[in-house]
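First the structure, in the form of structure tokens, and then the observations on it.
Read the figures in this text as sums done on the coordinates, not as results from a lab. From a predicted model like this one, the values you see are computed outputs, not experimental measurements. Here the Cβ positions follow ideal geometry from the backbone for every residue, glycine too, while neighbour counts run over all protein chains shown.
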Amino acid sequence: MFEGPCKKILVLLTTAFVGSLMAAPAMALDFNQCVTLALKQNPRILAAKARQAEAKGAVSEARGHLLPKLKASFSAIQSNNALTVFGMKLSQRQATFNDFGASQFNPSNPNSLNLAPAGLDHPGSYHNYGTKLQLEIPIWNGGEIWGRLSQAHAMLEAAQSGNILARQKLTFAVLQAYDSVIAADSAIEVAKKAEKAAESYVKTSKLLLDKGVLVKSDWLAAKVNLEKTQLGLQAAENDHANALENLSILIGWPEGETLSVGKPAQPVLPDNPLTDLQREALTDNAGILALQHKLKAAQDGIQVARAAYLPHVNAMANQEWNGRSLGNAAPSYTIGGEVTWNVLDFARGGGMDRAQAEREQVMATLQEAQDKLRLQVAEAWRSAREAALRVKMRQLAVRQMEESQRLVRLRYENGIETITGLLHGQAELDQSRAELVSAYYAEAVQRGALLLAMGKLNPQEIVDVAPVSVVEGVKQ
């Protein structure tokens with residue numbers, strides 16, 4: 001009898017709980033949380049995992065060829081073919097002298113030897129139920145099976161390296177998307193500061209116009225500048241929305257739910273010499289490792305092709321039951337071994353040539369990838385160092401422009417500077433702040449690109465840094 005009231009109370013409590021969650025401010029995700037979400041559902045990672053699972057299946061398949069095979073079969077046959085019927089009778093151990101026409105043979109009549117036995121040539125319909133177990137044991141196949149197993153292991157290791165590479169590339173993509181949101185936030189901060197300054201210029205210009213210090217065109221120029229800053233703010237907000245959308249797709253964020261990010265993410269910049277970094281990259285880069293494993297697989301392919309020139313040794317054992325009924329069958333067995341050697345086969349030469357060509361092709365691809373990687377590391381290393389210097393330069397530029405604009409504004413308020421000079425100075429200050437935003441973003445991306453090339457881009461190499469005020473040009 002309490003079902004109705006209890007249900008109402010439960011509904012009210014649930015509604016209140018959900019409402020509290022909706023009313024609560026959205027939790028800001030840090031970089032590590034974004035990477036974790038992306039690694040769980042991103043299509044690139046899912047595809048890499050599928051390739052790794054496929055390679056594991058190939059290893060299991062190759063290993064299975066080393067083990068004996070046991071086959072079971074059941075057959076039911078009816079025939080009036082003379083040879084088949086006689087064979088079924090022999091398998092059932094039911095053959096008699098009469099099957100050879102013994103009843104038709106007359107020893108006193110020499111012509112009986114020329115008679116065709118009717119029971120042997122025209123046996124009529126006969127049936128057999130056969131059950132068979134067959135064991136096949138591979139002993140040595142010229143190294144083909146072991147070569148395929150080694151080849152499968154190499155491809156599995158290549159797939160595992162490919163999975164690592166996919167994870168690192170996704171981490172880099174998340175870094176770009178995550179810090180682009182941070183950069184968009186800073187751009188909005190710059191745009192709001194510019195709008196606030198433009199509003200102040202309009203107000204000051206109106207006061208000076210009313211005092212007769214300025215002409216109306218100067219006041220209108222200040223209003224036009226205000227509209228430009230408002231348009232810039234709208235563009236910055238659109239960029240922020242696009243950046244959030246990009247990050248949401250990467251991490252699989254539920255559609256319609258608010259997403260916000262935490263502190264900026266900054267990869268650690270290695271301080272080793274360039275030559276050491278290039279050497280480490282050639283050792284640790286997952287893409288290079290994957291190609292090296294593929295080269296090993298290609299070399300194993302040559303071993304597989306060479307097996308066609310060598311003898312193959314196999315053994316087998318059969319156990320059969322044959323009878324005219326399922327419950328009355330005669331057992332029999334067969335055991336044996338077989339050695340086969342394909343002495344003359346012109347097609348196998350083509351297989352060897354193809355395997356050697358595949359190895360040469362992978363070797364060339366590996367060499368090209370190594371050369372490109374050395375160049376990639378060098379370019380990323382120089383770009384990261386240049387980006388760090390550019391950040392320092394932009395910080396100084398913002399400070400200098402802020403001080404210069406403060407003096408220009410004082411001169412303008414005292415009527416000794418034109419509105420054109422004031423707006424030009426503000427535009428340069430806004431540009432310096434925007435360039436500082438880009439410099440911070442470029443520094444993080446270039447550091448990430450260097451770690452990616454070195455094969456060391458993982459969340460442990462990326463740290464959260466203090467938020468930066470691009471308005472002041474210094475860290476808070």
Measuring from the lowest to the highest alpha carbon on each principal axis, how far does the range 266-353 reach, largest first, in angstroms? 84, 40, 16
Estimated inter-spin distance, His122 and Arg399, nm [label 7 Å along Cα→Cβ]: 11.9
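Once a ≥ b ≥ c are taken as the square roots of the eigenvalues of the Cα gyration tensor of the range 224-268, is the result rounded (a/c under 1.5), prolate (a/b larger than b/c) or oblate (a/b not larger than b/c)?
Cα axes put the range 224-268 in the oblate bin.
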Beyond a 20 Å Cα-Cα separation, which of these cross-linked pairs lie in this structure: Lys206/Lys228; Lys196/Lys223; Lys56/Lys456; Lys193/Lys228? Lys56/Lys456
Stokes-Einstein D for the range 327-400 (4 °C, 1.567 mPa s, Kirkwood Rh from Cα pairs), in µm²/s, comes to 65
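Could you list Val35, Val313 in order of exposure, starting from the residue whose Cβ has the fewest other Cβ atoms within 10 Å?
Going from sparsest to densest Cβ surroundings: Val313, Val35.
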Taking Cα atoms, how many degrees apart are the long axis of helix 347-413 and the longest axis of the chain, rounded to 10 and kept between 0 and 90? 10
Using R₀ = 35 Å, calculate the FRET efficiency as 1/(1 + (r/R₀)^6) where r is the Cβ-Cβ separation of Val343 and Ala364; round to 0.05. 0.50
Would you calculate the volume per residue, in Å³, of the smallest convex hull containing every Cα atom of the chain? 318
Degrees between helix 286-306 axis and first principal axis of the chain (Cα, 0 to 90, nearest 10): 20
Report the FRET efficiency, 1/(1 + (r/R0)^6), for Lys71 and Ala308, where r is their Cβ-Cβ distance and R0 is 30 Å, rounded to 0.05. 0.75
May I have the extent of the alpha carbons of the range 233-302 along their three principal axes, as whole Å values ordered from largest to smallest? 60, 36, 20
At 0.36 nm per residue, minus the direct Cα-Cα distance, what do Gln104 and Leu274 gain on full extension? Give it in nm, one decimal, please. 51.0 nm
Helix 216-251 axis, angle to the chain major axis (alpha carbon atoms, nearest 10°): 20
Bin all alpha-carbon pair distances of the range 281-425 at 10 Å intervals from 0 and give each bin's fraction as a whole percent. 9, 15, 12, 12, 11, 10, 9, 7, 5, 4, 4, 2, 0
